[in-house]
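All of the numbers you see were taken from the coordinates with simple rules; none came from a lab. Model, not experiment: these values are computed from the prediction. Positions of Cβ are generated from backbone atoms using ideal geometry, with glycine treated the same way; all protein chains shown enter the neighbour counts.
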Amino acid sequence: MSEVLPAEAELAPTQAELQRARARLDRLWQRGTAFLGTPYAILGGAMSWLSERHLVSAISNAGGFGVIACGAMEPDRLAEEIAATRAMTDRPFGVNLITMHPRLDDLIKVCLDASVTHIVLAGGIPPGAAIKAIKEGGAKVIAFAPALVLAKRLIKMGVDALVIEGTEAGGHVGPVSLTVLAQEILPVIQDVPVFVAGGLARGDALLGYLEMGPRVASSARALLPPKKASPTRSSKKPSCVPPRAMR
């Protein structure tokens with residue numbers, strides 16, 4: 001009698017299939033990996049008091065792109081966090097700044113002085129002066145687009161990449177789900193990389209959006225923070241499964 005293989009063994013992909021799948025994935029998100037300078041085009045979402053040195057360095061060391069959440073930090077505190085993160089990883093990472101922060105200009109200067117390569121402007125439409133200062137300082141600008149009309153406006157203002165984020169995401173800025181937003185924006189915007197975010201917790205979900213055309217994917221709460229991350233008492237701990245692309 002022939003040997004009966006366990007179901008898992010029957011479904012296990014061959015080495016050749018794994019190599020073809022990886023080559024396909026690399027083609028799909030090539031634009032994102034080139035933009036971020038990382039093996040995986042996965043941009044860690046910035047969560048206040050969670051996206052600090054431990055989580056950010058863990059994401060970057062795993063091949064993604066970690067992002068420090070500046071939140072309400074003062075310039076000196078942000079400079080300390082950037083330095084501490086750099087001591088824990090030699091991989092690329094960025095900083096998320098809230099546009100309504102009263103010391104936004106000073107925070108941008110801190111990032112540029114620390115040679116931060118990518119700055120995410122969140123919490124509203126970024127001021128043109130902020131975008132100009134970042135680009136003149138040699139860093140790339142990433143901004144959020146909750147609608148197609150704003151996506152086009154941000155590109156004209158000079159942003160280097162966009163994030164489209166549905167209502168499934170924490171701290172979202174859009175009124176509709178990611179599936180609606182993606183169908184509105186992805187077929188139209190070709191000038192810059194587009195990261196998608198909101199409710200993404202599995203590798204196959206990320207792949208679905210990659211195949212729609214953005215060639216990049218963003219996921220925040222899908223990335224489990226290490227035990228040393230420092231949430232406040234009022235923060236909720238992310239509890240999603242890590243995306244397969246990060247395994």
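Classify region 16-221 from the C-alpha gyration tensor, please: rounded if a/c falls under 1.5, else prolate or oblate depending on whether a/b exceeds b/c.
oblate
Pop the C-beta distance of Glu136 and Ser177 into the FRET formula with R0 = 35 Å and round what comes out to the nearest 0.05. Calculated transfer efficiency: 0.45. Shown is the FRET efficiency for Glu168 and Ala23, computed with R0 = 22 Å from the Cβ-Cβ distance and rounded to the nearest 0.05: 0.15.
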